[in-house]
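Single-structure report; data block below.
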Amino acid sequence: MNARAELFQDWEDRAMTPFGFTPGNSDDPNEPVDFAAMMKQMQQQIQEQFSQLGINGPGFTGSTEALPKNIVRDTAKKFTTAQGSSPIGANDVAEIEQALSIAELWLDEATFFPKSPNTGNVALARTDWVDTTLEGWQSAVEPLALGLSSAIGELLNQASFGEGQGPETPADEQPQMQIPVEMISALLNSFIGSLIATQLGQAIGGLSGQVTGAHDVGLPLLDSAYPTLVPQNIKQWATDLDIPMDEVRIFHALREACVARLFSHNPWLVSYIRTAITEYGKGINIDLDAIQEQAQRAFESGNGFDPANPESFSIALNDGIFTPQESPAQRTALTKLETVLALIDGWSEEVVALAAGDRLPHIAALQETLRRRRATSAPAQQLFSSMLGLQVSPRLAREAAVFWRQVRELKDVESRDRMWSGILPTADDLLTPESFMKSLEIPDDLSGLL
């Protein structure tokens, strides 16, 4: 046995021992194994591991949901409450309504898209923001859980028969004791679904203390997009800025309202973003060799996964030990997602700057503060970094803002905004807006194409 095999044999021994899986007490190898009892014991002991990690009850809920909503909601609310959520008062509503009224009026001159109808509260407490956006988060991230569940099922099917064997293999040539694939698959899917739901809930809970509105992350989180702001976070955002609060509030109202207009009048864009995430999820494939190599490096560095030490489970996840390797198709999906998020962010910056003009004396300082904070702790960056390993480049967003401004200067506001209904530019196209626009033009004389 080589060093690598010995290392993983040792890992398997240490991984299984603390859980104490005991299929039977008899020494008779022909005695039937009580898999139901073994699965029950496995569930109980892994739930205890979750409990030691401070995660209450996600382990094995018996739910058929790929991404259990109650776990996402409860975890998010737990994190939000820990940060503090101030209730919305009458003054908050009045101030937000006034800011949005001004923003909508200015945006009528700065974008071709008309005002989106408001179908909900204009001001949200942090806990209200969680409730309001929860369905959107669920729709966005569920494809990841489904993809991982599918990958686990495929892996178990391969493991249950072994290499070169399958359901078509004659019964007398198959192993005497088959792995109960459906039972183990259900167990692992519940485990993974709970794990992703907990991770998503933590991300949402963390974001609830930072986001300034429902569209701050640049994702379509509301079925019918409308502008809504989080007063507590806007006040926090303005801390240490020597800028009047009214001006800060209008700035965020402009950002929120313009993205709401974009999503409201381009429903295909919502599908585009969700499809990119779904394509990534469908491409998930668990490569055992790659995971073993990652784990070996972790063990050699002293950061291995030891079930006797629950904290090491979090370390293993953060180090990517259990993260499937990306396929070319997944890389393409992530590139598409990163580009469209940058396009949304850049378009928002261009529209807000145009709408504000010289009406907001500190617009340049506000935009620079936003860019600086997004470069280090952007909400979308945090989320996609933890869930997908995607790094949304601040540079790409800046290039997108310049692209949209140059398109407007070369054409006009309507031409700039109508580009959303056609072919979107790639990251390379952002550097040459004039060439990209020419590529979309239909020549007057089509005879040369015949």
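The values are calculated or read from the model by the stated rules, or taken from the named source; none is laboratory data. In this text, all values refer to a predicted model and were calculated from it rather than measured experimentally. Please note: Cβ atoms are built from the backbone with ideal geometry, for glycine as well, and neighbour counts cover all protein chains shown.
Under the condition of being at pLDDT below 95, part of a loop (DSSP other than H, G, I, E, B) and surrounded by 14 or more Cβ atoms within 10 Å (Cβ to Cβ), the residues counted in region 325-383 number 4.
Number of residues in region 116-135 that are within 15 Å of residue 263 (Cα to Cα) and surrounded by 19 or more Cβ atoms within 10 Å (Cβ to Cβ): the value is 2. In region 401-419, the residues that are on the phi < 0 side of the Ramachandran plot reach residues that are among the polar types (S, T, N, Q) with C-beta atoms within less than 8 angstrom, at least six apart or across chains, in these pairs: 407/415; 408/415; 413/111; 417/111. Scanning region 423-450 for residues that are modelled with pLDDT of 80 or more and not in a helix (DSSP H, G or I) gives 423, 424, 425, 426, 427, 428, 432. What are the residue pairs meeting all of these: first residue in region 111-125, first residue over 24 Å from residue 353 (Cβ atoms), second residue among the charged types (D, E, K, R) and surrounded by fewer than 23 Cβ atoms within 10 Å (Cβ to Cβ), Cβ atoms under 6 Å, and 6 or more apart or on different chains? That search, which allows pairs on different chains as well, returns 123/92. In region 134-143, the condition of being part of a helix (DSSP H, G or I), closer than 15 Å to residue 285 by Cβ and at pLDDT 70 or above is met by at least one residue. Taking region 181-279 and the helices (runs of 4 or more DSSP H) fully enclosed by it, the elements with 2 or more residues that are basic (Lys, Arg), at pLDDT 85 or above and more than 21 Å from the chain's Cα centre (by Cα) are at 245-264.
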